[in-house]
1. If you take every DSSP beta bridge fully contained in the chain, what fraction is antiparallel? Give it as a percent rounded to 5.
2. How large is ³J(HN,Hα) for each residue in the stretch 90-106, as worked out from phi by the Karplus curve 6.51 cos²θ - 1.76 cosθ + 1.60 (θ = phi - 60°), to whole Hz, x for Gly and Pro?
3. Go through Thr334, Ala374, Ile318 and say which Cα lies farthest out towards the positive end of the charge dipole of the stretch 268-395; charges sit on Cβ, +1 for Lys and Arg, -1 for Asp and Glu.
4. Treating only the Cβ of Lys, Arg, Asp and Glu as charged (+1, +1, -1, -1), what charge dipole size does the stretch 268-395 show about its Cα centre? Round to the nearest 20 debye.
5. Please name whichever of Pro27, Leu195, Ile286 sits farthest to the positive end of the charge dipole of the chain, dipole taken about the Cα centre and charges placed at Cβ: Lys and Arg +1, Asp and Glu -1.
6. Once you charge only the Cβ atoms, +1 for Lys and Arg and -1 for Asp and Glu, what is the size of the charge dipole of the stretch 130-250 about its Cα centre, to the nearest 20 debye?
7. Hey, how much of the P(r) for the stretch 159-227 falls beyond 18 Å, as a percent of Cα pairs?
8. Enumerate the amide H contacts of Leu279 below 5 Å, restricted to partners 5 or more residues apart or on another chain; note that Pro and chain-start residues carry no placed amide H.
Amino acid sequence: MRITDQELNEFRAEVSAWLRDNAPGDPGFLLPQSFMEVGTDQQFDFLRDWQRKVYEAGYLGLAWPAEYGGGGEDQALQDIATAEMVRQNVPFMTNTIGLNWAGPLILHMGSEAQKQAYIKRILSAEDIWCQGFSEPDHGSDLGNAQLRAIREGDEFVLNGSKIWTSLGAYADFIILLARTDTQTNTKYEGLSYFLAPMKIAGVDPSPIKKLTGEHGFTQTFFNDARISESCLIGEEGGGWQVAMKTLTFERAVSGGQAGGVASMTVSAREVVELARHALRDGRPAIQDPLVRDQLVSFLMEERGMALNNSRAKIPALISERPASIALSRKLTGTEWRRRLNQFAVTLQGANASRYVGDDSAVDGGRWQRGYFQAFSGTIGGGTTQIQKNIVGERVLGLPKQD
């Protein structure tokens, strides 16, 4: 039965009121700006408790099947709940990889036992997930993954390492691409995909200190770590196809995510306000016509991305290139965020050198921190350069480079 506009509006009002009454205030310590920056127990516990509270209120996983812990409701309700979280800028969901990548993948390709074992615990944040794709020597060349998974009876023995593992220090499980066969015709064959436990002997996540001084990533080492063959998702040797499906969820090309937000929101209007009180040559920066021109450009881009998200849901408006918006969303969004933060820093003049912890830093140094952190978004899930290749080849039909 189709949900009426009145029902949608009533639900929106319900979610809005609940968030106003229940959103946590200032915790008294520095919160991460996205799931990729969770680096202390204090931050992790705070965000995990918040996700559990949102789930228990019924505003997370609304469209996931009820038999696995979801709400069993229409996707439109989850879209409304997520939009309200963005609008009120409440804390993000720390289990982003589970909610947006691992969970949808398990629902799409997993066995009944895997769905029963993992889905509800992903929603409640009882189990935290991370991703094991990138490796130290291979960057964005995912097909060249070298972490070995050697079968011994009904187990696989893992040796090698993964890097840039967001939440690696806290994760209970990892979606892991590993090489189970080296005697293949192409590098894309012989890869297998696992839903692997992290807190077992032989798995050692080592935190990486970033330029900001924070820890959010790890390099995860596997030294004779043993996992059950029941951890396989898909066929042994068929991991490349599973990985490609995962990336469609990660890049929002495919739907089915549980909802919630992955990072604190940032808007061009906030930079407009910054320009009103930041000084340039003794006057508010917004009085500079070049600054105003750039601000208008950011506002137009922001509005354009929002409209494109709506346009992508209307087949008649994207019939010429159906996948164009979905395949370019990550590229445009992450680069816009990086440039916006960079512009906000340049507005501050000499104060641009002040960082978090400096009492004289503009807005507590959030723009400087946001600029440094924005690069992780342009790298994770495929670098900007890789994203440009995807758009060029799959949307525009350009030939691949040699």
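1. 85 percent
2. With the stated coefficients, the stretch 90-106 comes to 7, x, 7, 8, 5, 8, 4, 5, x, 5, 9, 10, 5, x, x, 5, 4 Hz.
3. Ile318
4. Value, rounded to 20: 380 debye.
5. Farthest towards the positive pole: Ile286.
6. Values: 10 positive and 16 negative charges, 71 e Å.
I would put it at about 340 debye.
7. Working: 981 of 2346 pairs.
Result: 42 percent of Cα pairs exceed 18 Å.
8. Long-range HN contacts for Leu279: Ala285.
Where a number appears in this text, it was derived from the coordinates with a stated rule and is not lab data. Bear in mind that the values here come from a model prediction, so they are computed numbers and not experimental data. Backbone-built Cβ (ideal geometry, glycine too); neighbour counts: all protein chains shown.
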